[in-house]
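Below: the structure, in structure tokens.
The values are calculated or read from the model by the stated rules, or taken from the named source; none is laboratory data. Predicted, not measured: the structure shown is a model, and the values here were computed from it. So basically every Cβ, Gly included, is an ideal-geometry build from the backbone, and we count neighbours across all protein chains shown. Just so you know, the surface numbers come from the protein's heavy atoms only, side chains and all, with ligands and any DNA or RNA stripped out. Shrake-Rupley method; radii C 1.70, N 1.55, O 1.52, S 1.80 Å.
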Amino acid sequence: MSALNLATIVLRLAQHPRGWRVDDLCADLEIKPRTYRKYRQVLQEQFRPFFREGVSLVQEVSEPGGRYLRLVEPDTTPAR
């Protein structure tokens with residue numbers, strides 16, 4: 001079941017720029033927050049298609065409406 005859930009998350013993140021609200025993700029996949037954190041960690045650390053310049057695009061972002069899992073392009077601006 002975890003492979004199917006991970007595939008579902010990957011597809012959803014690729015199709016929806018705003019991402020997936022964490023509460024909705026857990027409810028839709030019928031998983032506990034601990035399982036969500038495990039999935040997020042796998043995607044952030046091991047899912048190479050979502051890496052740019054060695055940095056994971058998968059990020060959890062807090063907004064006034066809740067927390068979202070989404071793809072975020074890394075800041076490639078050179079440091080001064």
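Just a few scattered comments:
- Rounded to the nearest 20, the Cβ-based charge dipole of the chain about its Cα centre (Lys and Arg +1, Asp and Glu -1) stands at 140 debye.
- Accessible area of the chain belonging to carbon and sulfur atoms, whole % at 1.4 Å probe: 51
- Using the rule -39500 (n - 2.57) for each DSSP H run of four or more residues, divided by the residues of the chain, the 222 nm mean residue ellipticity is -14000 deg cm²/dmol.
- Sorting the segments 33-44, 64-75 by their residues' average number of neighbouring beta-carbon atoms within 10 angstrom, most packed first, yields 33-44, 64-75.
- For the chain, averaging the sequence separation of C-alpha pairs within contact (under 8 Å, six or more residues apart) and dividing by the residue count gives a relative contact order of 30 percent.
- Kirkwood radius and radius of gyration were both taken over the C-alpha atoms of the chain, and their ratio Rg/Rh is 0.98.
- Surface accessible to a 1.4 Å probe, per residue, for the residues of the chain, Å²: 70
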